[in-house]
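Presented below is the structure to which this report refers.
The values are calculated or read from the model by the stated rules, or taken from the named source; none is laboratory data. The structure presented is a predicted model; accordingly, all values stated were derived computationally and were not measured. Counting neighbours? That spans all protein chains shown, and the Cβs are built from the backbone with ideal geometry, glycine included. The accessibility values were calculated without ligands, DNA or RNA, using every heavy atom of the protein model including side chains. Shrake-Rupley method; radii C 1.70, N 1.55, O 1.52, S 1.80 Å.
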Amino acid sequence: MAELGAEPVNFAEELRARMPSEEERAALNLAAGTPVLEICRTAFTEDERPVEVNQMLLDAGSYVLEYRLSS
């Protein structure tokens, strides 16, 4: 992306905890009653132009999410 002048410098994430659909549960091989974490991460250039969107679905019982934020 850098060669296109679209290097991401900022990211925003939306994080939701929810129950999976039957299709998601089957695809992730989850036990009944297991919640998922849904993350949508958008990468922005210095001029706030979105250049990438990444959607993830995680087994909520198998991951620990750590965030470091500057003030």
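Rounded to a whole number, what % of the accessible area of the chain do carbon and sulfur atoms account for, probe 1.4 Å? Spell out each step's value before the answer.
Details: 2780 of 5560 Å².
Within the chain, the accessible surface is 50 percent carbon and sulfur.
The charge dipole of the chain, taken about its Cα centre with unit charges on the Cβ atoms of Lys, Arg (+1), Asp and Glu (-1) only, comes to about 320 debye.
Counting charges near L30 (Lys, Arg +1; Asp, Glu -1) among other residues having Cβ under 14 Å from its Cβ returns a value of -3.
Along the axis of the charge dipole computed for the chain (Cβ charges of +1 for Lys and Arg, -1 for Asp and Glu, origin at the Cα centre), the listed residues A43, A31, S70 are led at the positive end by A31. Surface analysis of the chain yields an accessible area of 78 Å² per residue, using protein heavy atoms and a 1.4 Å probe. Simple point charges give the picture: +1 on the Cβ of Lys and Arg, -1 on the Cβ of Asp and Glu, and for the range 32-71 a dipole about the Cα centre of about 120 debye. Seen from R18, the other residues with C-beta closer than 15 Å to its C-beta sum to a net charge of -4, counting Lys and Arg as +1 and Asp and Glu as -1.
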